[in-house]
Each structure stands twice: as structure tokens, then as C-alpha cells.
Amino acid sequence: MFTPKHGSWLNLIEGFFSKLAHSVLRHIRVTSLKELRERILAAIDLANREPVVHTWNYKIGEVA
């Protein structure tokens with residue numbers, strides 16, 4: 001399996017969790033692990049309501 005060096009799917013996942021951390025988890029105080037879990041799951045549900053579709057622009061002929 002070939003994973004492009006310049007546009008790996010892993011970068012998309014890393015970006016999602018970075019956005020989650022900055023928008024939901026930064027500067028919050030929770031009273032329990034349950035509350036933290038609920039906040040994270042609520043943020044993921046919100047993100048899933050309006051998904052952003054990523055279309056790869058990478059062509060196999062451009063493999064170096």
C-alpha cells in the first residue's frame with residue numbers, strides 16, 4: 001500500500017484532533033471523567049452532522 005508523503009490521511013486525523021483540542025478541550029474544567037467523555041462525544045457528534053468530504057488530488061502517475 002502506498003501512502004503519499006505529502007498528503008497522508010493521518011494528517012487529516014491529526015488535524016481533526018487538533019481542532020477538537022483547541023475548540024472543545026482548551027481552558028475547560030471538568031468534574032469527572034464521565035463529563036469529559038460526554039463533552040468529547042458531543043463535539044464529535046456535532047462534527048458528524050456537517051461532515052467535510054476530502055477529495056484526494058494525488059495521481060498515481062506522479063509517484064516519484
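Just so you know, all these numbers are worked out from the coordinates, no wet-lab data involved. Predicted model, so just to flag it, every value in this text is computed and none were measured.
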Per-residue HN-Hα couplings for the range 39-53 [Karplus 6.51, -1.76, 1.60; θ = phi - 60°; Hz; x = Gly/Pro]: 5, 5, 5, 5, 5, 5, 4, 4, 5, 6, 5, 10, x, 9, 8
Table column - 3J(HN,Hα) (Hz), the range 22-31, Karplus curve with 6.51, -1.76, 1.60, x for Gly and Pro: 6, 8, 10, 9, 6, 6, 10, 10, 10, 8
